[in-house]
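Throughout, read-outs are computed from the coordinates displayed, never taken from laboratory work. Predicted model, so just to flag it, every value in this text is computed and none were measured. Neighbour counts run over all protein chains shown; Cβ positions are idealised from the backbone, glycine included.
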Amino acid sequence: MVAKCYVPNMSIGTIPQGAYLVAGLDPAATGYQAGFLWAVETLNHEIKLTMVDLDNHLGGGLDEAFELIRRWYEQYDCYHWVIEENGFQTAIRQDDKIKEFVLRGGITMQGHVTGNNKHDPMYGVGSMAGLFENQKIHLPVGDSESQSKVNAYRQQLLYFDGKPVSQRNKEKTDIVMAGWFPMKVFRRMNKEQLAGMGLDYEAS
């Protein structure tokens with residue numbers, strides 16, 4: 001299903017005209033930090049997602065989080081972030097430097113409390129399978145950088161099993177989580193479009 005979403009003539013950084021950008025951030029005080037940037041289009045009460053970029057590297061903390069927010073703001077005009085808020089992550093939205101930057105740039109920052117939500121069959125990580133199955137997700141593989149980043153995302157998707165950390169192999173899932181956090185924004189956008197068309201909304 002994932003391979004069917006590959007777009008050979010598209011590269012990292014491609015933004016469909018008129019799309020809305022939302023990024024997810026799975027930060028860390030230490031270890032790996034992951035960011036995932038989606039472009040979302042809502043056409044004919046359907047959602048289409050295009051992977052614009054991802055960032056995943058060893059080294060976290062407030063400075064690394066701020067650097068990614070700043071870089072994607074300047075590079076892609078990303079004005080909307082969904083950031084996990086568990087323990088250390090809460091400090092990101094309270095950091096004075098970050099707060100000043102997002103206020104000055106008009107950037108929206110939402111918190112995401114994960115808990116057991118990622119296991120939810122309707123709203124959890126597994127609910128994204130339908131988007132892949134119906135090819136509503138576009139993954140750019142047009143050059144070596146794009147292929148490398150998509151492969152990293154694909155590998156974590158395939159290894160993700162939704163089990164608690166204590167019960168699974170120690171495979172990284174931070175890219176998957178960063179890509180999943182913005183899904184609540186996409187559901188709301190889809191719901192608002194359906195409401196505007198006078199249609200009933202059912203989560204899918």
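Structural remarks
- Charging the Cβ of each Asp and Glu at -1 and of each Lys and Arg at +1, and nothing else, the dipole of segment 15-70 about its Cα centre rounds to 120 debye.
- Mean Cβ count within 10 Å, highest first, over the residues of peptides 125-138, 22-35: 22-35, 125-138
- For HIS45 and GLU74, a Förster radius of 30 Å and the Cβ-Cβ distance give a FRET efficiency of 0.35, rounded to the nearest 0.05.
- For the pair GLN17 and PHE66, a Förster radius of 35 Å applied to the C-beta separation gives a FRET efficiency near 0.75, rounded to the nearest 0.05.
- Backbone N atoms of segment 49-67 closer than 20 Å to the 7 Å Cα→Cβ label point of ARG104 belong to residues 62-67.
- Karplus 3J(HN,Hα) series, Hz, for segment 4-19 with 6.51 cos²θ - 1.76 cosθ + 1.60 (x for Gly, Pro): 5, 8, 5, 10, x, 9, 10, 10, 3, x, 6, 10, x, 4, x, 6
- Length gained on full extension, SER148 to LYS4, computed as 0.36 nm times the residue gap minus the Cα-Cα distance: 50.2 nm.
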